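Quick notes on the structure that follows.
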Ligand code: NCD
């Protein structure tokens, strides 16, 4: 049973709750000084098993701006992880030292695994190529600030839609709002995973798939550019085949609407020409700044809201069935119960969403 306010996936909260967090972020952004003592005496742990600039520092800055304190690591080789400690033991201990634990990890489903053994609230700051809900809150706040709405949008998503966890969480969230349409711009090798497309189909959200930016850019409200996720490819040759396929240039921006905005979770590699930065439609640096305010709101919300007691795993336990995703957390953290949602003989891993045909 779970009696914490965990944020593992956007669906841990309802749409009205997302809007509550975003409205709180807007209030904090307007008058940050009013919130500077709200988390005095509270401790946040940031455990980053993967590199990060924005997510980690914006979380840390957010907690400090709320008057709270920090512990944690940004390089697991400086912790007992280097001595072979498993995820469970690290989380079990650190969560007793802190009030809220923010974790980024290389493995898919690791955030849920952490929540299963934590004695405090857990926030997923990215679990491998799977999900990144706090980037999505940042993106929703940015859309609200820049375009004034979260519905009736035509959204282009470009680049690594396969491994880009920010895209997965964002598509799942934006498809909850009425009349949003999606244009998926990728090579066939980096297409959006089937389980996310099924979410779009299930919600009746319109989407098309194209290969080039030129085919899509003319009538978009927002273009979401992403980096090709080099570290998630099985081989460097495969990455080299996909690298530099997409680049948003000043010349391409000529074809976009005057009120379109460009977003990017950052870091940028080559997919947006630096000259685009001076275009007022380039919203990515404003987006990164919003990340700090939305995380202040999320921390405050998490620490002050009465938790709803509910089970973290709701599926069937099949410990004899190994998840077929080699990046699933259950492959290395052997003590985890193998829990699957069973839809007519197709098992979906409750950690990483991999589907297994029995
Ligand atoms: C993203 C991430 O880590 O998934 N960055 C971020 O959190 N702002 C995107 C990326 O690394 O490409």
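Taking 0.36 nm per residue of separation and subtracting the Cα-Cα distance, full extension of the segment from residue 92 to residue 241 would add 49.5 nm. Extension gain, residue 275-residue 61: 0.36 nm per intervening residue step, less the Cα-Cα distance, totals 74.1 nm.
Counting other Cβ atoms within 10 Å as a rough exposure proxy, the listed residues 97, 351, 4 run 97, 4, 351 from fewest neighbours to most.
Take 146-152, 240-246 and order them by the average number of nearby Cβ atoms within 10 Å per residue, most first; the result is 240-246, 146-152.
Exposure proxy for 103, 222: other Cβ atoms within 10 Å of each Cβ, ordered fewest to most, give 222, 103. Each of residue 189 and residue 209 was given a label point 7 Å from its Cα along the Cα-to-Cβ line. The distance between the two points is 1.6 nm.
Across 228, 213, 346, mean-square fluctuation computed from a Gaussian network of the chain (C-alpha pairs under 10 Å connected) peaks at 346. Each label was represented as a point 7 Å from its Cα along the Cα-to-Cβ direction; for residue 15 and residue 149 these points are 1.4 nm apart. Here each label is just a point 7 Å from Cα along the line to Cβ, and for residue 23 and residue 322 those points are 5.0 nm apart.
Using C-alpha pairs below 8 Å separated by at least 6 residues, the relative contact order for the range 316-357 is 38 percent. A Gaussian network model of the chain, with springs between Cα atoms under 10 Å, assigns the largest mean-square fluctuation among 113, 216, 33 to 33. Fewest-first ordering of 338, 121 by other beta carbons within 10 Å of each residue's beta carbon gives 338, 121. What residues from the range 193-228 fall in the zone where the backbone N is under 14 Å from a label point 7 Å along the Cα-to-C-beta line of residue 259? Those under the cut-off are 219-222. For the chain, the mean residue ellipticity at 222 nm estimated from helices alone is -9500 deg cm²/dmol, where every DSSP H run of n ≥ 4 contributes -39500 (n - 2.57) and the total is divided by all residues, rounded to the nearest 500.
Counting only DSSP beta bridges whose two residues both lie in the chain, roughly 20 percent are antiparallel. The value of relative contact order for the chain, using C-alpha pairs under 8 Å at least six residues apart, is 19 percent.
Contact order normalised by length for the range 134-288, with contacts defined as Cα pairs under 8 Å and 6 or more residues apart; what percent is it?
In percent, rounded to a whole number, it is 24.
Full extension of the chain between residue 289 and residue 218 gives 22.8 nm of extra length, using 0.36 nm per residue less the Cα-Cα distance. When the Gaussian network model of the chain links Cα atoms closer than 10 Å, the mean-square fluctuations of 65, 230, 165 top out at 230.
Throughout, read-outs are computed from the coordinates displayed, never taken from laboratory work. All figures in this text were calculated on a predicted structure; none of them were measured in a lab. Neighbour counts run over all protein chains shown; Cβ positions are idealised from the backbone, glycine included.
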